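Take a look at the structure below.
The values are calculated or read from the model by the stated rules, or taken from the named source; none is laboratory data. Just so it is clear, the model here is predicted, and its values are computed rather than measured. All Cβ positions, even for glycine, are placed from backbone atoms using ideal geometry, and neighbour counts span all protein chains on display.
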Amino acid sequence: MSDITLHVTDREGVEHSILAPTDMSMNVMEVLKANDFPIQAVCGGMAMCASCQCYVLNDVISLERNPDEEAMLWEAYHVKENSRLGCQIPITEAINGLELEIAPEQ
Ligand code: FES
């Protein structure tokens, strides 16, 4: 399989299903940007801006954050228990069907 499907709710509450390639070393933030979602990603995916924050809506991935991600979300706004940074979620076959909601702008 080379493409997986992500289900994304945008900041207006509209749901989208988008395809994401598993063979291009992309992460969720990059796929959202490539699909024209308004993600600033000012840090370029270094877990240093939180502008790619998403809420995880199903159990396809763990809510466990890596240390850099945890540190950034500690300082960010609108953080919930199910917050993750899109740039810290690699696109792999294991996340097929992941449901996300894009968090409000920082
Ligand atoms: Fe900056 Fe993800 S792009 S934290």
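One line per residue, one yes/no per condition, for (1) exposed (fewer than 14 other Cβ atoms within 10 Å of the Cβ); (2) away from the ligand (no atom under 11 Å from the Cβ); (3) without any contact (Cβ under 8 Å) to a residue 60 or more places away in the chain:
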residue	(1), (2), (3)
2	yes, yes, yes
28	no, no, no
47	no, no, yes
53	no, no, yes
78	yes, yes, yes
Unique match (being more than 9 Å from the ligand (Cβ to nearest atom) and at positive phi) among 36, 10, 23, 59
36
Given (1) modelled with pLDDT under 95; (2) in contact with a Leu (Cβ under 7 Å, 6 or more places away or on another chain), residue 57 misses just (1)
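When you look at residue 9, is it under 14 Å from the mean Cα position of the chain (by Cα), surrounded by fewer than 18 Cβ atoms within 10 Å (Cβ to Cβ) and closer than 20 Å to residue 104 by Cβ, yes or no?
Values: under 14 Å from the mean Cα position of the chain (by Cα): yes; surrounded by fewer than 18 Cβ atoms within 10 Å (Cβ to Cβ): yes; closer than 20 Å to residue 104 by Cβ: yes.
So residue 9 fits the description; yes.
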